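See below for the structure under consideration.
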Amino acid sequence: MSVMDAIDVIKPQAPRAASGVEKPSLIGLSREEMGAALREKGVGEKQIKMRVSQLWNWIYVRGVSDFDHMTNVAKDMREMLKQHFTIERPEIVEEQVSNDGTRKWLLRFPARGAGRPVEIEAVYIPEEGRGTLCLSSQVGCTLTCSFCHTGTQRLVRNLTAEEILSQLLLARDRLGDFPDREAPQGTIMPAEGRKVSNIVMMGMGEPLYNFDAVKRALLIATDGDGLSLSRRRVTLSTSGVVPEIFRTGEEIGVMLAISLHAVRDDLRDILVPINKKYPLKELIEACRTYPGLSNARRITFEYVMLKDVNDSLEDAKGLIKLLKGVPAKINLIPFNPWPGTNYQCSDWEQIEKFADFINSAGYASPIRTPRGRDILAACGQLKSESERMRKTERLAFEAMMIANHGADTDQQV
């Protein structure tokens with residue numbers, strides 16, 4: 001089977017008609033903000049709490065994207081909502097489905113103010129026991145990590161809380177993960193339970209450089225009366241924005257992942273340039289004091305395996321020394337090349353030796369399973385449409401996929 005035969009590219013949905021007026025979205029608002037928005041449009045004070053409760057349930061429990069589907073809301077109220085607000089999903093520019101069930105969406109958000117429409121990618125990875133959705137937090141990235149394809153495009157802007165949440169809502173739409181919805185025929189998904197059970201903030205961008213919007217989105221995603229995802233099934237990955245790490249645990253309370261990739265400052269300065277601002281000593285200290293850290297709530301350290309760069313047994317020894325006393329899991333990521341990169345993936349034998357050494361020191365060190373390799377759905381390889389390779393080039397390159405997040409947490413959704 002050829003690479004082109006192995007994937008299914010689904011016809012994108014039609015673009016939404018331009019109305020000339022940008023309506024604010026109710027998605028991403030707190031209950032207080034939603035109430036204030038209704039109050040401003042003339043909804044009586046005695047009705048505010050009830051109306052907010054209705055809207056919250058329809059948007060986040062029932063998953064509707066059209067006010068007309070809110071059957072227990074009075075018709076005049078629905079007309080007012082349609083006139084002043086929106087709950088629409090972003091436009092799907094392209095949806096690709098790998099032969100292993102991994103799905104990747106290229107999504108377009110409308111222009112904001114004097115800006116222009118922007119595009120981001122989100123990825124869904126189904127496994128037997130869970131379904132993981134990888135969300136983007138920015139359009140582009142500022143970090144320029146030398147091994148990362150996403151880092152080769154400039155930062156366009158931060159995503160709003162609405163745009164982050166909309167990726168989750170759209171994925172649940174497409175997978176039939178809301179009540180009374182059916183999944184597309186042939187969709188690969190977890191054997192039981194929710195189709196989207198886990199979230200990882202590992203798509204385009206550095207989440208902690210968009211802290212407020214990410215916080216707002218994740219608090220709504222984990223709200224017990226709405227989308228109701230367990231905080232132990234939400235992982236935020238950072239390249240090391242040290243001042244925001246403690247706030248992440250204190251104010252959001254989700255699982256933490258660190259894009260580490262090197263155990264020496266001189267090498268990490270090259271691989272992950274933010275290290276020049278927040279060196280390893282500061283980063284590891286921030287991890288040690290992460291709120292809620294315990295053996296049951298370990299930090300995941302991401303480590304991409306680069307041949308003759310960071311894959312020696314000396315590096316493995318340095319990793320054990322660096323993380324001493326930190327409850328941790330170490331994800332070893334076989335590097336997949338992309339056009340223009342000067343790095344190569346470590347030999348498989350060397351990866352296994354590295355993993356064996358880490359395991360023998362008492363740390364779980366799974367080797368990340370390649371997923372979605374035929375649709376370039378890999379961590380660090382997500383790019384907007386205007387920045388991506390031609391499709392024929394993209395599909396010729398392998399890509400690994402996000403896995404092994406939440407595997408050691410409770411099974412409660």
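The values are calculated or read from the model by the stated rules, or taken from the named source; none is laboratory data. All figures in this text were calculated on a predicted structure; none of them were measured in a lab. Cβ sites come from the backbone with ideal geometry, for glycine too, and all protein chains shown count toward neighbours. All accessible areas refer to the heavy atoms of the entire protein, side chains included, with ligands and DNA or RNA removed. Shrake-Rupley method; radii C 1.70, N 1.55, O 1.52, S 1.80 Å.
Looking for whichever is free of Cβ contacts under 8 Å to residues at least 40 places away in the same chain and open to solvent by less than 10 Å² (accessible area, probe 1.4 Å) here; the options are G131, G176, G140, G186. Which one fits? Walk me through it before giving the result.
Working: G131 fails: free of Cβ contacts under 8 Å to residues at least 40 places away in the same chain; G140 fails: free of Cβ contacts under 8 Å to residues at least 40 places away in the same chain; G186 fails: open to solvent by less than 10 Å² (accessible area, probe 1.4 Å).
Just a single option satisfies the conditions, and that option is G176.
For T248, which of the numbered conditions (1) touching a helix residue (DSSP H, G or I) at 6+ places or on another chain (Cβ under 8 Å); (2) among the β-branched types (V, I, T); (3) open to solvent by 10 Å² or more (accessible area, probe 1.4 Å) fails to hold?
With (1) touching a helix residue (DSSP H, G or I) at 6+ places or on another chain (Cβ under 8 Å); (2) among the β-branched types (V, I, T); (3) open to solvent by 10 Å² or more (accessible area, probe 1.4 Å) applied to T248, the lone miss is (3).
Hey, can you tell me all the residues within the stretch 189-218 that are of a type in the set (A, V, I, L, M) and open to solvent by 60 Å² or more (accessible area, probe 1.4 Å)? So that I can check it myself, show each step before the final result.
Start the filter on the stretch 189-218 by keeping residues that are of a type in the set (A, V, I, L, M), which leaves 189, 191, 196, 199-202, 204, 208, 213-214, 217-218.
Hit for the stretch 189-218 is A191, nothing else.
Do you know which residues across the stretch 200-213 are modelled with pLDDT of 95 or more, closer than 11 Å to Q138 by Cα and under 10 Å from the mean Cα position of the chain (by Cα)?
The answer is M201, P207.
For the stretch 66-85, state whether one or more residues are under 30 Å from D225 (Cα atoms), surrounded by 18 or more Cβ atoms within 10 Å (Cβ to Cβ) and acidic (D, E).
Checking the stretch 66-85: not a single residue is under 30 Å from D225 (Cα atoms), surrounded by 18 or more Cβ atoms within 10 Å (Cβ to Cβ) and acidic (D, E).
Considering only the stretch 92-107, state which residues are closer than 13 Å to I188 by Cβ and either touching a Lys or Arg at 6+ places or on another chain (Cβ under 7 Å) or surrounded by 22 or more Cβ atoms within 10 Å (Cβ to Cβ) (or both). Steps first, answer last, please.
Residues of the stretch 92-107 that are closer than 13 Å to I188 by Cβ, as a first pass: 97-103.
V97, S98, D100, T102, R103 - these are the residues of the stretch 92-107 that are closer than 13 Å to I188 by Cβ and either touching a Lys or Arg at 6+ places or on another chain (Cβ under 7 Å) or surrounded by 22 or more Cβ atoms within 10 Å (Cβ to Cβ) (or both).
Quick check on the stretch 108-126: of everything there that is in a loop (DSSP other than H, G, I, E, B), open to solvent by 50 Å² or more (accessible area, probe 1.4 Å) and in contact with a strand residue (DSSP E or B) (Cβ under 9 Å, 6 or more places away or on another chain), which residue is modelled with the lowest pLDDT? Give the steps one after another, and end with the answer.
Taking the stretch 108-126 as the starting set, the residues that turn out to be in a loop (DSSP other than H, G, I, E, B) are 110-117.
Subset that is open to solvent by 50 Å² or more (accessible area, probe 1.4 Å): 110, 112-114, 116-117.
Next, only the ones that are in contact with a strand residue (DSSP E or B) (Cβ under 9 Å, 6 or more places away or on another chain) stay: 110, 112, 117.
Numbers: P110: 87, R112: 74, P117: 91.
For the stretch 108-126, the residue satisfying everything is R112.
Among the numbered criteria (1) in contact with a helix residue (DSSP H, G or I) (Cβ under 6 Å, 6 or more places away or on another chain); (2) under 23 Å from E282 (Cβ atoms), which single criterion is violated by L332?
(2)
Taking the stretch 251-284 as the search range and keeping residues that are closer than 17 Å to K321 by Cα, open to solvent by 30 Å² or more (accessible area, probe 1.4 Å) and touching a residue at least 24 places away in the same chain (Cβ under 8 Å), which one is farthest from the chain's Cα centre (by Cα)?
R264
Name the single residue that is farthest from L267 (Cα to Cα) among those in the stretch 322-338 being open to solvent by 30 Å² or more (accessible area, probe 1.4 Å) and touching a residue at least 24 places away in the same chain (Cβ under 8 Å). Before you say what the answer is, go through the steps one by one.
If we filter the stretch 322-338 for residues that are open to solvent by 30 Å² or more (accessible area, probe 1.4 Å), which is where we start, we get 322, 324-325, 337.
The next check asks that each one be touching a residue at least 24 places away in the same chain (Cβ under 8 Å); those that pass are 322, 325, 337.
Numbers: L322: 14, G325: 23, P337: 19 Å.
Here the residue is G325.
Name every residue in the stretch 203-246 that is within 17 Å of C287 (Cβ to Cβ) and either in contact with a strand residue (DSSP E or B) (Cβ under 6 Å, 6 or more places away or on another chain) or small (G, A, S) (or both), in order of residue number.
P207, L208, T235, L236, S237, S239, G240
How many of the residues in the stretch 297-310 are open to solvent by less than 10 Å² (accessible area, probe 1.4 Å) and farther than 16 Å from T235 by Cβ?
4
Applying the selection to the stretch 339-366, what residues are polar (S, T, N, Q), in contact (Cβ under 8 Å) with a residue 24 or more places away in the chain and either over 24 Å from M202 (Cβ atoms) or not in a loop (DSSP other than H, G, I, E, B) (or both)?
Q350, the sole residue that qualifies.
Checking E33 against (1) closer than 23 Å to Q167 by Cβ; (2) in contact with a helix residue (DSSP H, G or I) (Cβ under 6 Å, 6 or more places away or on another chain), which test does it fail?
(2)
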